[in-house]
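Right, one structure below, let's go through it.
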Amino acid sequence: MVGFNNLGYDYPVIDFMMDAADMTAEVAYYKSKEIIDTNWDDRFKHLVWESQQIVPQIDLYKIHHFDNMARATSLKMLEFNMGSDSIQDLPYEPDTFLEHHQITELIKYNVHDVMETWKFYIASKSKIDFRLEMEVKHGRSFINSNDTKIGADYFTMRLEQVGVQCYTKQPKKPIQTHRQSINLADAVLPLIRFNHPEFNRIVEWFKRQTITQTKGVFEDVNCTVNDFTFVFGLGGIHGSVSSQIIEADDDYAIIDLDVTSYYPNVAIKNRLYPEHLSEVFCDVYEDVFEQRKSYDKKSSESAMLKLALNGVYGKSNSAYSPFYDPLFTMRVTINGQLMLCMLAEMLMESDHVTMIQANTDGITIKVHRSLLDWVDQVCKYWEDYTKLNLESAHYSRMMIRDVNNYIAEFTDGKLKRKGAYGYGDDLDWNQNHSSQVVAKAIEAHLVRGEGIRKFIETHQIMKDFFIAAKIPKNSKLISVDDQGNETPQQNTTRYYMTRNGVTLIKCMPPLAKSTTGEWRRFEVAKGWKVHVCNNVNQATQPIDYEYYIQEVEKLRL
């Protein structure tokens, strides 16, 4: 059976119904309500474990890691992102006794949900096929694991094969290294060396810190060298010029330098490991890295090994993981960032090299073409010194709003889009796919020189103008017409801008300290009229292009 959050809700109800001696609609209802009302700490209380399932389950919610708070995405939002003809919310309030004609309406809604789940299943087919293939090859189930968990589980399996115990036996719990405090001087490797006082200031700052938790360690940690600001963070370093178009020409080249499998190799080459897993961890890590190089990058084996390489570092800071050792996390992330700064410092010794961007695993520079051989020599020296490997790419130009939002054009004309400039396949399923016409229009303008107004007014793909309003369950969405009449709307509502429309209002519960008890009202898309079209056949009003043009103007450089 394939579902969406079916491990958390649907299957426990179905399994209960199949197993109950005297099943009635009322009994099923109370079981359903019991699951819905369960608090977060007891979330596994109703789970039917894989070994106990009468019917095997595939849960798309789990596979896409929507059970992570930062990635949480509803089926209704997926209906919007998939461009479905219809977005339907539950037609009646929960806990309502229904008449027969209402039951018929509810069944139509249920069928719609099933068909939308089917569509998302088809969109997820490659992920499912990969998991089934891994199950056959490795003799264990990966079907409802997210990508990071697959990588971590595979790596755990490899460690156990060489005799490294990752879990206690009974009860099964991850073996971990907990630390009351961490002196970050123990994290900084001896190979870290700088000449510039600002970089040395950062190193000394790290060495003075003693931390009791990893969150919040890197707040406001930055330095500026040659007018470029490097910002340090737990996930990695970042920095960028802003609001600029940078072009390569006959005199200057734009080079992007990325470190191959950066964080895994920081651990491998420097023999860093979670203390409880011993140095054997590094041997297995290196074997996984070398093994991956023997497979085609498009193969399922390569995909599995990549997940294993990247998943281990991410899980090293998870209190639920057998890789947990916060000192290991700090050693990898701090030294990874400082080593990139070492590369940047070496290259910035020339007045003809300027920094454009720094990110988790690489830097981007603009350099005079007469220095290309010198840049290669610097990179080779850095590689020999750090034992890491650099990969390079050349851009013809970069159109940058900030570190998270830009378009980079490769010399072969291909584009790399980030943030507000991304659309289509650039967006993950958990991201909001609203107003894609805006990203398409700014690309047409910046890359091909097309007029913004002309592009917007002649664009023929209606769904690119659609916007999603997503309202929490404890709030309400209403529309108000020019006469002041209010109409309830779905909590996930699709709309677009039109001059002959209504005003959308988000109504939120009163604050706890409120003395009036009045609900708070906030205008969605303040100052603009909208037309609701949860069914695409409702998209009958003319588009107000001015809204979209103004949104594109915000991305101009």
- prompt: Does at least one position in segment 370-380 carry a residue that is assigned to a loop (DSSP other than H, G, I, E, B), assigned by TED's automatic domain parsing to the domain that holds residue 394 and either at pLDDT 95 or above or crowded, with 17+ Cβ neighbours inside 10 Å (or both)?
  reply: no
message: Restricting to segment 526-557, give me the number of residues that are over 19 Å from residue 76 (Cβ atoms) and assigned to a loop (DSSP other than H, G, I, E, B).
response: 13
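If I ask for residues that are part of a helix (DSSP H, G or I) and out of contact with any strand residue (DSSP E or B) (no Cβ under 8 Å at 6 or more places or on another chain), which ones from segment 463-500 would you list? Can you show your working first?
We begin by selecting, within segment 463-500, every residue part of a helix (DSSP H, G or I); these are 463-465.
463, 464 - these are the residues of segment 463-500 that are part of a helix (DSSP H, G or I) and out of contact with any strand residue (DSSP E or B) (no Cβ under 8 Å at 6 or more places or on another chain).
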query: How many residues, within segment 473-490, are loosely packed, with under 11 Cβ neighbours inside 10 Å, of a type in the set (S, T, N, Q) and within 32 Å of the chain's Cα centre (by Cα)?
result: 1
query: Only one of these conditions is not met by residue 281: (1) buried (at least 21 other Cβ atoms within 10 Å of the Cβ); (2) closer than 30 Å to residue 402 by Cα; (3) not hydroxyl-bearing (Ser, Thr, Tyr). Which number is it?
result: (2)
message: Considering only residues that are loosely packed, with under 15 Cβ neighbours inside 10 Å and touching a Phe, Trp or Tyr at 6+ places or on another chain (Cβ under 8 Å), which ones fall in segment 434-452?
response: none
field: Subset of segment 39-68 (residues that are in a helix (DSSP H, G or I) and either more than 28 Å from the chain's Cα centre (by Cα) or not assigned by TED's automatic domain parsing to the domain that holds residue 14 (or both))
entry: 51, 52
- request: Could you list all residues from segment 512-525 that are touching a strand residue (DSSP E or B) at 6+ places or on another chain (Cβ under 9 Å), assigned to a loop (DSSP other than H, G, I, E, B) and closer than 21 Å to residue 487 by Cβ?
  value: 519, 525
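Looking at 164, 188, 217 in this structure, which one is in contact with a strand residue (DSSP E or B) (Cβ under 8 Å, 6 or more places away or on another chain) and outside any helix (DSSP H, G or I)? If you could, list the steps in order and put the result at the bottom.
Working: 164 fails: in contact with a strand residue (DSSP E or B) (Cβ under 8 Å, 6 or more places away or on another chain); 188 fails: in contact with a strand residue (DSSP E or B) (Cβ under 8 Å, 6 or more places away or on another chain).
Step by step, each of 164, 188, 217 is checked, and only 217 is in contact with a strand residue (DSSP E or B) (Cβ under 8 Å, 6 or more places away or on another chain) and outside any helix (DSSP H, G or I).
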task: Identify, by number, the condition in (1) loosely packed, with under 15 Cβ neighbours inside 10 Å; (2) at pLDDT 95 or above; (3) under 30 Å from residue 434 (Cα atoms) that residue 84 doesn't meet.
output: (1)
query: What number of residues within segment 64-87 satisfy the criterion of being of a type in the set (A, V, I, L, M, F, W, C) and under 14 Å from residue 535 (Cβ atoms)?
result: 2
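Residue by residue, here is whether (1) farther than 30 Å from residue 244 by Cα; (2) touching a residue at least 40 places away in the same chain (Cβ under 8 Å) holds:
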{"residue": "487", "(1), (2)": "yes, no"}
{"residue": "495", "(1), (2)": "yes, no"}
{"residue": "501", "(1), (2)": "yes, yes"}
{"residue": "508", "(1), (2)": "yes, no"}
{"residue": "513", "(1), (2)": "yes, no"}
{"residue": "526", "(1), (2)": "no, no"}
{"residue": "553", "(1), (2)": "no, yes"}
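If you take the residues in segment 539-551 that are touching a residue at least 60 places away in the same chain (Cβ under 8 Å), within 29 Å of the chain's Cα centre (by Cα) and within 18 Å of residue 468 (Cβ to Cβ), which one is surrounded by the most Cβ atoms within 10 Å (Cβ to Cβ)? Steps first, please.
Pass one, segment 539-551, residues touching a residue at least 60 places away in the same chain (Cβ under 8 Å): 539, 543, 545, 548-549, 551.
Still in the list and also within 29 Å of the chain's Cα centre (by Cα): 548-549, 551.
From what is left, the residues that are within 18 Å of residue 468 (Cβ to Cβ) are 548, 551.
Numbers: 548: 25, 551: 18.
Ranking the candidates gives 548 first.
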- prompt: For segment 1-38, which residues satisfy the criterion of being assigned to a loop (DSSP other than H, G, I, E, B), modelled with pLDDT under 95, among the polar types (S, T, N, Q) and surrounded by 13 or more Cβ atoms within 10 Å (Cβ to Cβ)?
  reply: 38
- request: Enumerate the pairs (first residue in segment 360-377 and free of Cβ contacts under 8 Å to residues at least 40 places away in the same chain and closer than 17 Å to residue 251 by Cα; second residue anywhere and in a strand (DSSP E or B) and of a type in the set (Val, Ile, Thr)) with beta-carbon separation below 8 Å, excluding pairs fewer than 6 apart on the same chain, so at least 6 apart or on different chains.
  value: 371/353
- line: Checked segment 270-301 for anything closer than 26 Å to residue 175 by Cα, acidic (Asp, Glu) and assigned to a loop (DSSP other than H, G, I, E, B); matches are 279
message: What are the pairs with Cβ atoms under 6 angstrom where one residue, in segment 320-345, is over 13 Å from residue 186 (Cα atoms) and the other, located anywhere, is of a type in the set (D, E, K, R)? Sequence gap at least six, or different chains.
response: 321/315; 323/315; 325/275
query: Restricting the search to segment 510-538, which residues are at pLDDT 95 or above and surrounded by 14 or more Cβ atoms within 10 Å (Cβ to Cβ)?
result: 524, 528, 529, 530, 531, 532, 533, 534, 536
field: Residues that are of a type outside the set (A, V, I, L, M), under 20 Å from residue 488 (Cβ atoms), over 23 Å from the mean Cα position of the chain (by Cα) and assigned to a loop (DSSP other than H, G, I, E, B), drawn from segment 69-96
entry: 88, 89, 91, 92, 93, 94, 95, 96
query: Could you say which residue among 333, 364 is β-branched (Val, Ile, Thr), assigned by TED's automatic domain parsing to the domain that holds residue 241, surrounded by 23 or more Cβ atoms within 10 Å (Cβ to Cβ) and assigned to a helix (DSSP H, G or I)?
result: 333
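Condition first: among the hydroxyl-bearing types (Ser, Thr, Tyr), touching a strand residue (DSSP E or B) at 6+ places or on another chain (Cβ under 6 Å), modelled with pLDDT of 90 or more and within 20 Å of residue 332 (Cα to Cα). Can you find one or more residues in segment 171-185 that meet it? Show your work before the answer.
Within segment 171-185, the subset among the hydroxyl-bearing types (Ser, Thr, Tyr) is 177, 181.
Next, only the ones that are touching a strand residue (DSSP E or B) at 6+ places or on another chain (Cβ under 6 Å) stay: 181.
Applying the additional criterion that residues be modelled with pLDDT of 90 or more yields 181.
If we keep only those that are within 20 Å of residue 332 (Cα to Cα) as well, we get 181.
Checked against the condition, which is being among the hydroxyl-bearing types (Ser, Thr, Tyr), touching a strand residue (DSSP E or B) at 6+ places or on another chain (Cβ under 6 Å), modelled with pLDDT of 90 or more and within 20 Å of residue 332 (Cα to Cα), segment 171-185 yields at least one hit.
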message: Where the second residue is among the hydrophobic types (A, V, I, L, M, F, W, C) and part of a helix (DSSP H, G or I) and the first is on the phi > 0 side of the Ramachandran plot and lies in segment 263-279, which pairs have Cβ atoms under 8 Å and are six or more apart or on separate chains?
response: 271/282
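The values are calculated or read from the model by the stated rules, or taken from the named source; none is laboratory data. None of the values given here were measured: they were computed from a predicted structure. We place every Cβ from the backbone using ideal geometry, glycine too, and count neighbours over all the protein chains shown.
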